[in-house]
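The values are calculated or read from the model by the stated rules, or taken from the named source; none is laboratory data. On a predicted model such as this, the values are computed, not experimentally measured, just so you know. Cβ placement follows ideal geometry from the backbone for every residue including glycine, while neighbour counts extend to all protein chains displayed.
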Amino acid sequence: MTAQLHVGFIPLVDAAALIVAVDKGFTAAEGLDVTLVREVSWSNIRDKLNIGMFDAAHLLAPVAIASSLGIGHVKLPIAAPFNLGINGNAITVSPALHAAIMAELDGDRFDPMATAKALARVVASRRKSGAEPLTFAMTFPFSTHNYHFRFWMAAGGVDPDEDVRMVVLPPPFMAETLASGQIDAFCVGAPWNSIAVDRGVGHILHFVADILVRAAEKVLAVRQSWAERHPDTVAALVRAAERGADFVEHNRAETARILAQPERIGVDAEVIQRTLDGRLKISPDGTIRESGRYLLVGREGAARPEPVQAAWLYAQMVRWGQTSMSAEALKTAMAVFRPDLYDAALGRGGAAAASSPGPFGAFAGPVFDPADVAGYLGSFAVPRQTR
Amino acid sequence: MGADTTPKIVIVDESPIRAAILQEGLREAGFTEVVHISEMQSLLARIYALDPDIIVIDLENPSRDSLEQMFQVSRAVRRPIAMFVDQSDAASIQASVDAGVSAYIVDGLKKERIKSIVDLCVSRFNAFAKLQDELDRTKNALEERKVIDRAKGILMKLKGLTEEEAYVLMRSTAMREKKKIGEIAQSILTASELLK
């Protein structure tokens, strides 16, 4: 019997495994009749998943956790049996801020500690001269973009809640708003950084892989209750997404063409392929920077959900005051990421399941240990832990 | 806001017609303090300045995510909460998402009052969708009529038929091929373009 599913997504390159799985017929081959629904906001995706208009969705990993904990919104337990992307975000700054940071830079411009310290000096001198605080845009209060941005600037001594303004903007508005001078920088996924660079209004300052070597980004999310009622459908969806993720890594040009379709992402295939190749134009003058870790979809075990990543994201929510620390909530957060469902769907277990994905490789702070989140958070100077 | 005063409502919608329909409905129901924001640039700044009790936003609006941030800004004096936070009324949540509207409410409003406002928004949004639908259908019907008339003209000229005969020929062809008469007319136009 064919299962009919409605699956929501936001037009971003890290929806690639899902879009390819549907458009290449991998879901149909699994007996799934999937209708992909393009959405305009994460709020809509969350609410439509909540009330059952969507059976599954491309979702920000932190939203899956916040929903499961009932932080900031209705409590809705989510299961994430598949990780749609590792890394993939970048920080883009206006030409003026780029020049200011470069003028204060003491060290390598791709070293996030050097740029964060330079940013702190820019912030201090602006304050002294009575200039308006810098405004930084990201995509959602519960987003990797928010946490990556904060993690970076705080390492240089900039308090994101006191020293700058943090605002939320829809990704398609980022380049335009940067050009108009209403914001000074943004952190967003592909292809929106490249679009700002191509328009000559921004410089890509950092790939998120500079800040964290391995950061879970988007997940394939389903309601936990739905996953319990439809285990075979979940398994079929995971298998189709796994084929999609594998296809993305081995057929980048075709993937880029599929994603470029107007009803998918709707931007030039060439811009999309830069992200898949990790070969990006970072300045309007045409400077190219390459990274083997820009966006991981179907390689280095990126698709297998790692509960330790959920723990790190939960720790960020605590660090920035979105919730307070609780051992039980930490456990719930980690249980959102479901490697067991992933392994079961693909008939794996034992050795594969036991293999460790390796550390986050954060450029600052101690090694993250989910068994000691409080100790980890206590080691950061910004913000001072008051709870 | 006191219990007796009229709550201040902000409508965030890029469609001026839908916003007008909603605004009118709210005014009729006695809500006189209604402000419409159609410009998404500096949306948050305007909302902070207006300090509304209720914010209504259409679900096609990407700026909904920007509004959600207002829950999180710790220094904001008044924090709006999403209507969805109250899970007691699943049917009204469903109705609101179906209609394509979402509401954010600042603490302090009575529950019955909120429900009546949200219900009103839902019914006005649905009324607008119906209107839009009718408009689209009328437009399509008009377009189709034009195509049929042009196809009729071509048949009359090429085959020396009367207007009535040309129409009957298209209709019987449509019935035989199980197609709409508009489609047959369109293929006549296409063919005549090609054969020019």
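Tell me, yes or no, whether the stretch A:281-299 has at least one residue that is within 24 Å of A:Glu39 (Cβ to Cβ), touching a residue at least 40 places away in the same chain (Cβ under 8 Å), buried (at least 17 other Cβ atoms within 10 Å of the Cβ) and in contact with a Phe, Trp or Tyr (Cβ under 7 Å, 6 or more places away or on another chain). Scanning the stretch A:281-299, I find no residue that is within 24 Å of A:Glu39 (Cβ to Cβ), touching a residue at least 40 places away in the same chain (Cβ under 8 Å), buried (at least 17 other Cβ atoms within 10 Å of the Cβ) and in contact with a Phe, Trp or Tyr (Cβ under 7 Å, 6 or more places away or on another chain), so the answer is no.
Which residues, taken from the stretch A:139-158, are within 13 Å of A:Pro383 (Cβ to Cβ) and either modelled with pLDDT under 95 or among the β-branched types (Val, Ile, Thr) (or both)?
Hit for the stretch A:139-158 is A:Val158, nothing else.
Listed conditions (1) under 30 Å from A:Thr287 (Cα atoms); (2) under 21 Å from the mean Cα position of the chain (by Cα); (3) within 14 Å of chain B (Cβ to nearest Cβ) are all met by A:Pro133, apart from (2). If you scan the stretch A:28-42, which residues turn out to be farther than 14 Å from A:Ala241 by Cα and either among the charged types (D, E, K, R) or assigned to a helix (DSSP H, G or I) (or both)? Listed by number, the residues that qualify are A:Arg38, A:Glu39, A:Trp42.
Given the options A:Leu259, A:Leu169, name the one that is without any contact (Cβ under 8 Å) to a residue 40 or more places away in the chain and among the aliphatic types (A, V, I, L, M). So that I can check it myself, show each step before the final result.
Numbers: A:Leu259 fails: without any contact (Cβ under 8 Å) to a residue 40 or more places away in the chain.
Result of the check over A:Leu259, A:Leu169: A:Leu169.
Would you check if A:Ala185 is surrounded by 19 or more Cβ atoms within 10 Å (Cβ to Cβ), closer than 18 Å to B:Ala45 by Cα and touching a Leu at 6+ places or on another chain (Cβ under 7 Å)? Walk me through how you get there before you give the answer.
Details: surrounded by 19 or more Cβ atoms within 10 Å (Cβ to Cβ): yes; closer than 18 Å to B:Ala45 by Cα: no; touching a Leu at 6+ places or on another chain (Cβ under 7 Å): yes.
So A:Ala185 does not fit the description; no.
Scanning the stretch B:94-126 for residues that are surrounded by 15 or more Cβ atoms within 10 Å (Cβ to Cβ), acidic (Asp, Glu) and away from every other protein chain (no Cβ under 14 Å) yields no hits at all. Cβ-Cβ distances below 6 Å connect the following pairs, each with a first residue in the stretch A:308-330 that is within 14 Å of another protein chain (Cβ to nearest Cβ), a second residue that is aliphatic (A, V, I, L, M) and assigned to a helix (DSSP H, G or I), and a separation of six or more residues or different chains: A:Arg319/A:Leu377; A:Thr323/A:Met317.
Quick one: which residue in A:Ala260, A:Ala245 is touching a Leu at 6+ places or on another chain (Cβ under 9 Å) and assigned by TED's automatic domain parsing to the domain that holds A:Ala303? Walk me through it before giving the result.
Details: A:Ala260 fails: touching a Leu at 6+ places or on another chain (Cβ under 9 Å).
Testing whether each residue is touching a Leu at 6+ places or on another chain (Cβ under 9 Å) and assigned by TED's automatic domain parsing to the domain that holds A:Ala303 leaves just A:Ala245.
Scanning the stretch A:27-68 for residues that are of a type outside the set (Gly, Ala, Ser) and either without any contact (Cβ under 8 Å) to a residue 12 or more places away in the chain or outside the structural domain of A:Arg264 (by TED's automatic domain parsing) (or both) gives A:Asp47, A:Ile51. Whenever a residue of the stretch A:94-107 is β-branched (Val, Ile, Thr), its partners that are part of a helix (DSSP H, G or I) and at pLDDT 95 or above, lying with C-beta atoms within less than 7 angstrom and at least six residues away or across chains, give the pairs A:Ile101/A:Thr115; A:Ile101/A:Ala118; A:Ile101/A:Leu119; A:Ile101/A:Val122.
Looking at A:Phe142, A:Phe149, can you tell me which residue is closer than 22 Å to A:Thr323 by Cα, within 14 Å of another protein chain (Cβ to nearest Cβ) and in contact (Cβ under 8 Å) with a residue 60 or more places away in the chain? I'd like the intermediate steps shown before the answer.
Details: A:Phe149 fails: in contact (Cβ under 8 Å) with a residue 60 or more places away in the chain.
None of the other options fit; the residue is A:Phe142.
Starting from residues that are part of a helix (DSSP H, G or I) and among the acidic types (Asp, Glu), keep the ones in the stretch A:194-248 and report whichever is nearest to A:Thr27 (Cα to Cα).
Initially, the stretch A:194-248 is screened for residues part of a helix (DSSP H, G or I), giving A:194-198, A:208-211, A:224-229, A:231-248.
Right, trim to among the acidic types (Asp, Glu) and you get A:198, A:210, A:228, A:232, A:242, A:246.
Values: A:Asp198: 35, A:Asp210: 35, A:Glu228: 20, A:Asp232: 13, A:Glu242: 10, A:Asp246: 14 Å.
Among those that are part of a helix (DSSP H, G or I) and among the acidic types (Asp, Glu), it is A:Glu242.
Residues considered: A:Val40, A:Val93. Of these, the only one that is surrounded by fewer than 22 Cβ atoms within 10 Å (Cβ to Cβ) and among the hydrophobic types (A, V, I, L, M, F, W, C) is A:Val40.
Has the stretch B:112-123 got any residue that is in contact with a Ser or Thr (Cβ under 6 Å, 6 or more places away or on another chain) and assigned to a helix (DSSP H, G or I)? Give the derivation first.
Looking only at the stretch B:112-123, we keep the residues that are in contact with a Ser or Thr (Cβ under 6 Å, 6 or more places away or on another chain), and these are B:122.
Next, from what is left, pick out any that are assigned to a helix (DSSP H, G or I): B:122.
Yes, the conditions are met somewhere in the stretch B:112-123.
Taking the stretch A:12-26 as the range and being in a helix (DSSP H, G or I) and within 24 Å of the chain's Cα centre (by Cα) as the test, the residues that pass are A:Val13, A:Asp14, A:Ala15, A:Ala16, A:Ala17, A:Leu18, A:Ile19, A:Val20, A:Ala21, A:Val22, A:Asp23.
Taking the condition within 20 Å of B:Leu67 (Cα to Cα), within 13 Å of chain B (Cβ to nearest Cβ) and assigned to a loop (DSSP other than H, G, I, E, B), does A:Phe173 pass? When the stated conditions are applied, A:Phe173 does not pass them. Go over the candidates B:Leu155, B:Leu131, B:Leu161 one by one and state the one that is at pLDDT 80 or above, farther than 22 Å from A:Asn44 by Cα and not in a helix (DSSP H, G or I). After ruling out the rest, the residue left standing is B:Leu161.
Does the stretch A:182-191 contain any residue that is in a helix (DSSP H, G or I) and either within 15 Å of A:Ser94 (Cβ to Cβ) or within 14 Å of chain B (Cβ to nearest Cβ) (or both)?
Of the residues in the stretch A:182-191, the ones in a helix (DSSP H, G or I) are none.
No: zero hits.
Test A:Arg348 against the criterion of being at pLDDT below 95, within 25 Å of A:Leu12 (Cα to Cα) and charged (D, E, K, R), and give yes or no. Criteria not met by A:Arg348. Might you let me know whether the stretch B:49-67 holds any residue that is at pLDDT 70 or above, more than 9 Å from every other protein chain (Cβ to nearest Cβ) and assigned to a helix (DSSP H, G or I)? Yes, the stretch B:49-67 contains at least one residue that is at pLDDT 70 or above, more than 9 Å from every other protein chain (Cβ to nearest Cβ) and assigned to a helix (DSSP H, G or I). The single condition among (1) more than 14 Å from chain B (Cβ to nearest Cβ); (2) farther than 30 Å from A:Ala155 by Cα that A:Ser94 does not meet is (2). For the stretch B:22-42, a residue qualifies if it is within 22 Å of the chain's Cα centre (by Cα) and either within 10 Å of another protein chain (Cβ to nearest Cβ) or among the hydroxyl-bearing types (Ser, Thr, Tyr) (or both), and the qualifying residues are B:Ser38, B:Met40, B:Gln41. Screening A:Glu104 against (1) more than 27 Å from A:Ala236 (Cα to Cα); (2) under 14 Å from the mean Cα position of the chain (by Cα); (3) not hydrophobic (A, V, I, L, M, F, W, C) leaves a single unmet condition, (2).
Consider the stretch A:43-66 and keep the residues that are within 12 Å of chain B (Cβ to nearest Cβ) and farther than 20 Å from A:Leu169 by Cα. The one that is surrounded by the fewest Cβ atoms within 10 Å (Cβ to Cβ) is A:Gly52. Against the conditions (1) at pLDDT 85 or above; (2) touching an Asp or Glu at 6+ places or on another chain (Cβ under 8 Å); (3) more than 10 Å from chain A (Cβ to nearest Cβ), B:Arg78 satisfies every one except (1).
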